[in-house]
Structure formats: C-alpha cells, structure tokens
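The structure appears right after this line, and notes come after that.
Derivation of every value follows stated rules applied to the coordinates shown; laboratory data play no part. Keep in mind the model is a prediction, meaning the values are calculated, not measured. Neighbour counts run over all protein chains shown; Cβ positions are idealised from the backbone, glycine included.
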Amino acid sequence: MLTGLPRTIRRHELRLIVPLADSTIYGMEKRGEFPRRFNLTPRCVVWDLEEVEAWLEQRRQTYLAGRAKVAPGPDVRHRKARPVKAQEADI
C-alpha cells in the first residue's frame, strides 16, 4: 500500500464514512461546513480522505466538548396519532 500520499475517495466511499444525504453534504459544502469535492475528470468527483477524517474528528471533539448543536426532540403533544395529554405539572 502507498503511504504518505494523499488519498481520495469517491461518493460511495464517502457515504460509508459519513452517513449523510447527498443534498445535506452538498449544502454543507456550499456553506463551507464540509470538505469540498473536486473533479478528477468531468465525470469523476472525489473528496480528500484526510480532510474528511479531520472534519469527522473536529465534529467529534465539538460534540464531546458540549458545543455541538443538537436538534430538540419532537413535541409529542402535537402528534395526530396517540397525542400525549398535558399533565398538571406541564401546565
């Protein structure tokens, strides 16, 4: 195996490493929140594996430090099927 050389990954390999939708990754790239893809040929798009691994590690450290944005859970009181009724303490 070659060592010390930059390694690129294609889309199917990226999906195995980063389980996000293509549209999510594309949007994050446009906002500068994810490593940018580049074309090797007009039909071959790749990412730098080292950049992707560094991004993952940075995200992990942000989460462990408690600085990650986490989406709130759904408000189950607004469900159409089996809504949870407000209790006296919630009112």
* Asked: Pulled fully out, how much extra length does the chain show between Leu20 and Glu57, if you take 0.36 nm times their separation in residues and subtract their Cα-Cα distance?
  -> 11.7 nm
* Local electrostatic count at Gly66 - Lys and Arg +1, Asp and Glu -1, tallied over other residues with Cβ under 14 Å -> +4
* To do: Enumerate the calculated ³J(HN,Hα) couplings along the stretch 58-73 in order (Karplus 6.51 cos²θ - 1.76 cosθ + 1.60, θ = phi - 60°), each rounded to whole Hz, writing x wherever the residue is Gly or Pro.
  => 5, 5, 4, 5, 4, 5, 5, 7, x, 9, 7, 7, 10, 5, x, x
* Structure fact -> Taking placed amide H atoms and a strict 5 Å upper bound, the residues 5 or more places from Thr8 or on another chain that come that close are Leu49
